[in-house]
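Colleague: Input: one structure, supplied below.
The values are calculated or read from the model by the stated rules, or taken from the named source; none is laboratory data. Predicted, not measured: the structure shown is a model, and the values here were computed from it. Here the Cβ positions follow ideal geometry from the backbone for every residue, glycine too, while neighbour counts run over all protein chains shown.
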Amino acid sequence: MERVGVGVIGCGIGKWHVEGYRGEPRADIVAIAGLDTPRCNEVAAEANVPNVYEDYHQLLSRPDIAAVSVAVPNFLHVPIGLDAIAAGKHVLMEKPLARNEAEAETLVNAAENAGLILGMAFNRRARSDMQVLKAFIDEGGLGHIYHAKAFWRRRAGIPGMGTWFTSKEQAGGGPLIDLGVHVLDMVLWAMDEPDIVAVSGATYSEIGPKGVGNWSGNGFMPSDAYGFEVEDLAVGMLRTSSGATIFVEASWAAHTSDTDEFGIYLLGDKGGAELHVRDYASADTLRLFTTINGVPVDSTPRLPSKPQGAGHREIIGTFIDSIIGGTPMVPSGRDGLRRTRLIDAIYRSSEERRELILEPSTVTVAG
């Protein structure tokens with residue numbers, strides 16, 4: 001069996017990448033790297049990773065590492081990603097690909113010009129409800145989808161008040177780039193990557209600046225390092241070339257009955273679907289709607305059970321498939337670029353208070 005030596009840069013969310021590689025028999029985890037040395041040593045001890053570095057350049061210099069996961073704060077995605085590509089490593093990037101479209105283009109072009117794989121860890125695609133829904137759509141179950149909604153809403157879920165999450169420079173934005181990118185990926189994947197031609201967006205910062213709304217369940221303690229420089233609610237309306245519309249909503253904090261809830265709703269001419277996940281539930285999250293002989297019918301599919309962390313494990317399996325067998329990487333860096341481009345457009349639309357008409361992407365294709 002051909003095996004791939006891998007490294008993980010980042011020991012926070014990177015822990016899920018380590019677990020994913022441990023579940024992949026063709027991957028050998030050679031090293032992890034991160035500035036939080038105690039956390040990295042803890043992750044390494046739990047997963048029997050033999051090498052731990054504070055400086056990620058030491059990890060990249062190892063010839064026995066062919067691929068890396070990059071799971072670090074958003075502002076480090078581009079510099080570390082480019083260093084990894086320059087070192088000849090395939091890259092699996094945590095979401096978002098970058099803070100803005102220009103940065104994302106730089107990464108995609110660098111990987112394609114080097115002939116290396118750039119993949120995205122959009123792990124929500126691997127949920128059972130999402131995969132059942134995708135298969136149902138691909139079989140024609142909803143027919144022509146003419147409207148969709150993608151949302152992730154929290155009542156009190158700011159990941160870390162005053163940390164890099166709330167710094168515009170370091171994060172690139174608030175809940176839209178943090179949470180919205182996941183549900184945007186879900187809805188675009190479900191709809192088979194529609195061509196988005198116009199974007200209208202608005203952002204609000206009403207809760208976070210008051211010092212409330214921090215997420216008690218996260219691992220990032222409140223800090224005074226940064227103020228609250230990003231939005232706590234973002235909304236966007238996307239128009240496709242076919243005339244279909246997509247509404248996107250992402251919030252970290254709001255006076256609402258929502259706790260921590262995400263999903264996508266789809267309306268088609270043959271049927272509809274509601275995928276609504278409350279507090280990370282994995283059962284009874286998908287409902288399908290249609291008519292049989294003129295009678296409305298609602299159904300709740302029985303979803304296959306998956307273990308915790310299955311999302312990263314499945315994407316890592318595809319990443320290894322791509323490295324060894326040359327199969328297309330899905331989700332790809334280009335998928336990440338498309339999502340970043342739309343998020344960028346929602347932010348710009350909000351700033352300029354107008355609808356933006358999107359021009360074709362200027363990203364070049366290697367070769």
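Colleague: Quick check on segment 23-31. Is at least one of its residues out of contact with any helix residue (DSSP H, G or I) (no Cβ under 6 Å at 6 or more places or on another chain), surrounded by 24 or more Cβ atoms within 10 Å (Cβ to Cβ), on the phi < 0 side of the Ramachandran plot and in the same structural domain as Gly81 (by TED's automatic domain parsing)?
Modeller: The answer is no; no qualifying residue exists.
Colleague: On to the next question. Given the criteria under 30 Å from Glu206 (Cβ atoms), among the aliphatic types (A, V, I, L, M) and surrounded by fewer than 20 Cβ atoms within 10 Å (Cβ to Cβ), does Ala114 qualify? Can you show your working first?
Modeller: Details: under 30 Å from Glu206 (Cβ atoms): no; among the aliphatic types (A, V, I, L, M): yes; surrounded by fewer than 20 Cβ atoms within 10 Å (Cβ to Cβ): yes.
No: the conditions fail for Ala114.
Colleague: Taking the criterion of being among the β-branched types (Val, Ile, Thr), touching a Ser or Thr at 6+ places or on another chain (Cβ under 7 Å) and crowded, with 17+ Cβ neighbours inside 10 Å, would at least one residue in segment 259-280 satisfy it?
Modeller: Within segment 259-280, one or more residues are among the β-branched types (Val, Ile, Thr), touching a Ser or Thr at 6+ places or on another chain (Cβ under 7 Å) and crowded, with 17+ Cβ neighbours inside 10 Å.
Colleague: Please go through segment 218-260 and pick out each residue that is within 26 Å of Leu342 (Cα to Cα) and aliphatic (A, V, I, L, M).
Modeller: Val230, Leu233, Ala234, Val235, Met237, Leu238, Ala244, Ile246, Val248, Ala250, Ala253, Ala254
Colleague: Here is a further query. Contact list please: Cβ distance under 6 Å, first residue in segment 6-34 and in a loop (DSSP other than H, G, I, E, B), second residue of a type in the set (Lys, Arg), pairs at least six apart or on different chains.
Modeller: If the second residue must be of a type in the set (Lys, Arg), the pairs left are Cys11/Arg39; Gly23/Arg313; Arg26/Arg3.
Colleague: Does Ala250 meet the test of being aliphatic (A, V, I, L, M) and more than 20 Å from the chain's Cα centre (by Cα)?
Modeller: no
Colleague: I need the helices (runs of 4 or more DSSP H) fully contained in segment 117-198, keeping only those with at least 3 residues that are in the same structural domain as Val212 (by TED's automatic domain parsing) and touching a strand residue (DSSP E or B) at 6+ places or on another chain (Cβ under 8 Å).
Modeller: Output list reads 128-138, 181-190.
Colleague: Hey, another quick one. In the list Gly172, Gly180, Gly160, which residue meets the criterion of being within 18 Å of Gly12 (Cα to Cα), among the small types (Gly, Ala, Ser) and in contact with a helix residue (DSSP H, G or I) (Cβ under 8 Å, 6 or more places away or on another chain)? It would help to see each step written out before you state the result.
Modeller: Values: Gly172 fails: within 18 Å of Gly12 (Cα to Cα); Gly180 fails: within 18 Å of Gly12 (Cα to Cα).
Gly160 is the lone residue from the list that is within 18 Å of Gly12 (Cα to Cα), among the small types (Gly, Ala, Ser) and in contact with a helix residue (DSSP H, G or I) (Cβ under 8 Å, 6 or more places away or on another chain).
Colleague: Hey, can you tell me all the residues within segment 283-326 that are surrounded by fewer than 16 Cβ atoms within 10 Å (Cβ to Cβ) and either small (Gly, Ala, Ser) or part of a strand (DSSP E or B) (or both)?
Modeller: Result: Ala283, Thr291, Ile292, Gly294, Val295, Pro296, Val297, Asp298, Ser299, Ser305, Gly325, Gly326.
Colleague: Now a separate question. Against the condition over 21 Å from the mean Cα position of the chain (by Cα) and small (Gly, Ala, Ser), how does Ala33 come out, does it pass? Let's see the steps before the verdict.
Modeller: On the way: over 21 Å from the mean Cα position of the chain (by Cα): yes; small (Gly, Ala, Ser): yes.
So Ala33 fits the description; yes.
Colleague: A further question on this structure: Would you confirm, using the coordinates I've provided, whether Ile316 is modelled with pLDDT of 95 or more and in contact with a Gly (Cβ under 6 Å, 6 or more places away or on another chain)?
Modeller: yes
Colleague: Answer yes or no: is there a residue in segment 341-352 that is out of contact with any Leu (no Cβ under 7 Å at 6 or more places or on another chain) and on the phi > 0 side of the Ramachandran plot.
Modeller: Scanning segment 341-352, I find no residue that is out of contact with any Leu (no Cβ under 7 Å at 6 or more places or on another chain) and on the phi > 0 side of the Ramachandran plot, so the answer is no.
Colleague: Could you tell me which residue of segment 52-88 is nearest to His17 (Cα to Cα), considering only residues that are of a type outside the set (A, V, I, L, M) and touching a residue at least 60 places away in the same chain (Cβ under 8 Å)?
Modeller: Of everything passing the filter in segment 52-88, Ser69 is nearest to His17 (Cα to Cα).
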